[in-house]
């Protein structure tokens, strides 16, 4: 099997992953997964596509992720990995699609408007 390259995005985070056959080693920005994502829920989010498809420990994954916060980065990696799993085997789609892992979350931060304090909040109005 050759190396599969996919991209996942969430908010302002962009994850580029490279999946190949191996022993299940996951490297994020040249660090181990447990060093980069220290909390269990974030580690679970990253490994979720492997768990749902039953392919734990079969593939090595190298990840380059930039932008956003750690939660957005974890979800960007999850989307990219889900896309890669579907490219490897089309049957994985039936396990990943109902969980919503193949859907790109389009929600972004709304921009600040001029003449206002934030995107929606206005400056305090004084009548007198």
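Worth pointing out:
- Helix 40-53 axis versus longest C-alpha principal axis of the chain: approximately 50°, rounded to the nearest ten.
- Seen against the Cα atoms of the chain and their longest principal axis, helix 70-88 is set at about 40 degrees.
- Length gained on full extension, residue 70 to residue 16, computed as 0.36 nm times the residue gap minus the Cα-Cα distance: 18.0 nm.
- Whole-angstrom gap from region 60-128 to region 2-18, using each part's C-alpha centre: 12 Å
- GNM top mover of 54, 72, 115 - the chain, alpha-carbon springs below 10 Å: 115
- Between residue 34 and residue 112, residue separation times 0.36 nm minus the direct Cα-Cα distance comes to 24.5 nm.
- Value at 222 nm in deg cm²/dmol, rounded to 500, when DSSP H runs of n ≥ 4 in the chain each add -39,500 (n - 2.57): -9500 deg cm²/dmol
- Prolate/oblate/rounded label for region 62-109 (Cα gyration tensor, a/c 1.5): oblate
- Here r is the Cβ-Cβ distance between residue 93 and residue 27 and R0 is 35 Å; the resulting FRET efficiency, rounded to 0.05, is 0.85.
FYI, it's all coordinate maths here, none of it is from the lab. It should be emphasised that the depicted structure is a prediction, and the values quoted were computed from it without experimental measurement. Cβ: placed from backbone, ideal geometry, glycine included. Neighbour counts: every protein chain shown.
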